[in-house]
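Trainee: Below is the structure I would like to discuss, written out as structure tokens.
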Protein chains: 2
Amino acid sequence: MSAVSTNPADLAEPRATRTALTPDVVLDAALTLFAQRGYHGTALSQIAEVLRVRTPSLYNHMGSKHDLLLTIVDRATAGVLADFHRVVDPADPPVEQLRKATHVYVHRHVTHRREALVVNRDTGSLAEPAVGEMQARRREHEHALRAVIAAGVAAGELRVESPALASFAIREMCVSVARWFSPHGALTAEQVADQYVEFALRVAGHLER
Amino acid sequence: MSAVSTNPADLAEPRATRTALTPDVVLDAALTLFAQRGYHGTALSQIAEVLRVRTPSLYNHMGSKHDLLLTIVDRATAGVLADFHRVVDPADPPVEQLRKATHVYVHRHVTHRREALVVNRDTGSLAEPAVGEMQARRREHEHALRAVIAAGVAAGELRVESPALASFAIREMCVSVARWFSPHGALTAEQVADQYVEFALRVAGHLER
DNA sequence: TGCCACGACGAACGAGCGCTAGTGAGCCTT
DNA sequence: AAGGCTCACTAGCGCTCGTTCGTCGTGGCA
């Protein structure tokens, strides 16, 4: 099928005209390049080049290269947790919680592909204590999803041997969407999210309707 | 559950006593460090330090830093394809092929965690034409798995809307095992592989027994 | 019109990188 | 005992990195 693309150029449009430089513009360019080449594989001179500016000018709009990464990872991981707690209602039946949790998670990874790639690849390049804090956030989401699955099993709605294993599998399955999705493909973010919700429910052993 | 570990130190044991230096020893140390810090995040001086040797000594046993990465990725991707064709018998029913393909794939990612991490993270850091060649191998495996699923759907043994999407989901689910598995955990490679085969069959819509 | 804050710039820094060359110590062979 | 080979070493190369500093042109405001 031609619905998807592995073309990494889907991430980048070389800024043709030189627009006003702001912290957000710098952050956005860094995000694109970090996602493409990785944190250590990206030089500040490359970010400056994309922005049609000399390297030192960047320092008028940022703290340091490390700060860029920290801000990116911080916002991204906070967003995932915010998504989860916004859409998952503890009063809902576990299956419904799993459905909603998976949907936002996939949807975020489709609409925030660059952030997802950077978080998954370069969180380890942060300095302490930031590494620990960011990993703690990921663990929080992981445990929340695991609890939902465990509750579903306890309620007889789901059937898995190990909620932890199922939770790992589902999460990584969703994350990987960022690696192949293309906005130019045949599938919309919504369609992909719906498909992956179905996959997640199957992995979790939801009884067929 | 305490069956798994996210401790990255599971990858590295700092070589206490200085053993004889050989190309394989250098490659192994590079593999460990690349998996931990990434290709661009690893300096040759760090590899040398682990081996209790000065940096230039490495060049008696390797071509260049880039050669190390190339060798690692080359062996790893070739191994995946060899695994697939060794265990998957085209004469088998599609479901059986999917079962075997998933099992070796997970098993390899459990027993070759470092290789998997490096391939997924740093293949893009290779120079042309190596990048293209390695990606072509990954595509070959991807298409082979997709064909198996499509055949299963055609035979009425599996049920998915899009074999491509299911193939993506299953592959990445298996790959991610390298990210959390610990040999010190409660689960053996075989047990994890069996569990993930079950997950894969569920994603592919295999009818429950 | 004069002033001032903003910010892009050239120059340059110290550090670290991958890698090369030449030297000399230890070992095997004869 | 003498020779040659292997290989780890010191020294140092050219380069790029992230970052700092002081200058200077410009646009908004008095």
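Trainee: Taking the label point 7 Å from Cα in the Cβ direction, how far apart in nm is residue B:155 from each other copy of itself, listed shortest first?
Mentor: List, nearest first: 3.7 nm.
Trainee: Turning to a different aspect of this structure: Using a 7 Å offset from Cα along the direction of the beta-carbon, what are the separations from residue A:19 to the same position in each other copy, nm, ascending?
Mentor: The projected label point of residue A:19 is separated from its counterparts by 5.6 nm.
Trainee: Tilt of helix B:130-154 relative to the longest C-alpha principal axis of chain B, in degrees (0 to 90, nearest 10)?
Mentor: 20
Trainee: Once you sort the root eigenvalues of the Cα gyration tensor of the range A:103-205 as a ≥ b ≥ c, which label holds: rounded (a/c under 1.5), prolate (a/b larger than b/c) or oblate (the other case)? Intermediate values should be presented prior to the final figure.
Mentor: On the way: a/c = 2.79, a/b = 1.13, b/c = 2.48.
Note, shape of the range A:103-205 comes out oblate.
Trainee: For residue B:100, list the aspartates and glutamates whose Cα falls under 14 Å from its own Cα; do not include residues on the same chain fewer than 8 positions away.
Mentor: The qualifying aspartates and glutamates are B:83, B:89, B:92, B:190, B:194, B:198.
Trainee: For A:36-44, what's the mean count of beta carbons from other chains sitting within 10 Å of each residue's beta carbon?
Mentor: Taking all residues of A:36-44 together, the mean is 3.
Trainee: Hey, got the average number of other protein chain Cβ atoms within 10 angstrom for residues in A:194-203?
Mentor: Values: counts 1, 6, 4, 0, 7, 12, 2, 1, 11, 9.
Taking the mean over all residues of the peptide, I get 5.
Trainee: Return the average number of partner chain Cβ atoms within 10 angstrom of each residue Cβ along peptide A:159-170. Walk me through the numbers on the way to the answer.
Mentor: Values: counts 2, 4, 4, 8, 1, 6, 12, 4, 0, 10, 14, 4.
Taking all residues of A:159-170 together, the mean is 6.
Trainee: Next up: Sort the following peptides by mean Cβ neighbour count (other Cβ atoms within 10 Å, averaged over residues), highest first: A:195-204, B:86-95. It would help to have the intermediate numbers written out before the result.
Mentor: Working: A:195-204: 23.9, B:86-95: 14.1.
Going from most to least packed, we get A:195-204, B:86-95.
Trainee: State, as an integer percentage, the relative contact order of chain A based on alpha-carbon contacts under 8 Å between residues 6 or more apart.
Mentor: Numbers: 227 pairs, mean separation 61.0, N = 209.
This gives 29 percent for chain A.
Trainee: Quickly rank A:70-79, B:163-172 as a protection proxy: mean count of other C-beta atoms within 10 Å, highest first.
Mentor: On the way: A:70-79: 17.9, B:163-172: 24.4.
Sorting A:70-79, B:163-172 by mean packing, highest first, produces B:163-172, A:70-79.
Trainee: Keeping the other protein chains in place, figure out the carbon and sulfur percent of the accessible area of chain A, with a 1.4 Å probe.
Mentor: Numbers: 4990 of 9370 Å².
Exposed carbon and sulfur together represent 53 percent of the surface.
Trainee: A further question on this structure: Cβ under 13 Å from residue B:155's Cβ, residue B:155 left aside: what net charge do those residues give with Lys, Arg +1 and Asp, Glu -1?
Mentor: -2
Trainee: Along the charge dipole of chain A, which of A:22, A:57, A:78 sits closest to the positive end, that is, farthest toward it, with unit charges on the beta carbon of Lys, Arg, Asp and Glu (+1, +1, -1, -1)?
Mentor: With unit charges placed on the Cβ atoms, the residue in question is A:57.
Trainee: Next question, about the same structure. Compute the label-point distances linking residue A:127 to its equivalents in the other copies; points lie 7 Å from Cα along Cα→Cβ; give nm, one decimal, shortest first.
Mentor: Reported distances to equivalent positions: 3.3 nm.
Trainee: Also: For a bin width of 10 Å, list the pair-distance distribution of the protein assembly as shown built from all Cα-Cα distances, rounded to whole %.
Mentor: Per 10 Å bin, starting at zero, the Cα-Cα P(r) for the protein assembly as shown comes out as 4, 21, 31, 27, 13, 4, 0 percent.
Trainee: How do the peptides A:128-137, B:33-42 rank, highest first, by the average count of neighbouring beta carbon atoms within 10 Å per residue? Intermediate values should be presented prior to the final figure.
Mentor: Values: A:128-137: 13.4, B:33-42: 21.7.
By packing density, highest mean first, the sequence is B:33-42, A:128-137.
Trainee: May I pose another question? Near residue B:96, within a Cβ-to-Cβ distance under 10 Å, what is the net charge of the other residues, with Lys and Arg +1 and Asp and Glu -1? It would help to have the intermediate numbers written out before the result.
Mentor: Working: positive: B:99, B:100; negative: B:89, B:92, B:157.
Charge balance near residue B:96 sits at -1.
Trainee: List the pair-distance distribution P(r) of chain A, using every Cα-Cα distance, as the percent of pairs falling in each 10 Å bin from 0 up to the bin containing the longest distance, rounded to whole percents.
Mentor: Result, from short to long distances: 8, 31, 31, 20, 8, 2, 0 percent.
Trainee: Taking the Cα centre of the range A:115-209 as origin, work out the dipole magnitude from +1 charges on Lys and Arg Cβ and -1 charges on Asp and Glu Cβ, in debye rounded to 20.
Mentor: Values: 10 positive and 13 negative charges, 29 e Å.
Charge dipole, the range A:115-209, about its Cα centre: 140 debye, nearest 20.
Trainee: Cα gyration tensor of the range A:140-199, axes a ≥ b ≥ c as square roots of the eigenvalues: rounded (a/c below 1.5), prolate (a/b > b/c) or oblate? Show your work: numbers first, answer last.
Mentor: Values: a/c = 3.11, a/b = 2.14, b/c = 1.45.
Prolate shape, in that a/c is at least 1.5 and a/b is the bigger ratio.
Trainee: How much of the pair distance distribution for the range B:80-122 lies past 15 Å, counting alpha-carbon pairs only, in percent?
Mentor: Values: 407 of 903 pairs.
So the portion of pairs separated by more than 15 Å is 45 percent.
Trainee: Okay, next question. Net charge near residue B:146, counting Lys/Arg +1 and Asp/Glu -1 over other residues with Cβ under 12 Å of its Cβ? Could the numbers behind the result be given before it?
Mentor: Values: positive: B:139, B:171; negative: B:140, B:142.
Neighbourhood net charge equals 0.
Trainee: Could I ask something else about it? Rounded to the nearest 500, what is the 222 nm mean residue ellipticity of chain A from helices alone, with -39500 (n - 2.57) per DSSP H run of 4+ residues and division by all residues?
Mentor: -20000 deg cm²/dmol
Trainee: Give me the dipole magnitude in Debye, nearest 20, for the range B:15-113 about the Cα centre, with unit charges on the beta carbon: positive for Lys and Arg, negative for Asp and Glu.
Mentor: On the way: 12 positive and 9 negative charges, 92 e Å.
Around 440 debye, computed over the range B:15-113.
Trainee: Mind putting a number on the dipole of the protein assembly as shown about its Cα centre? Charges go on the C-beta only, +1 for Lys and Arg and -1 for Asp and Glu, and I need it in Debye to the nearest 20.
Mentor: Values: 46 positive and 48 negative charges, 169 e Å.
Dipole about the Cα centre, nearest 20: 820 debye.
The values are calculated or read from the model by the stated rules, or taken from the named source; none is laboratory data. Just so we're clear, the structure is a prediction, and the values are computed from it rather than from any experiment. Note that we place each Cβ from the backbone using ideal geometry, even for glycine, and neighbour counts take in every protein chain shown. Just the protein is used for accessible areas: all its heavy atoms, side chains included, with ligands, DNA and RNA removed. Shrake-Rupley method; radii C 1.70, N 1.55, O 1.52, S 1.80 Å.
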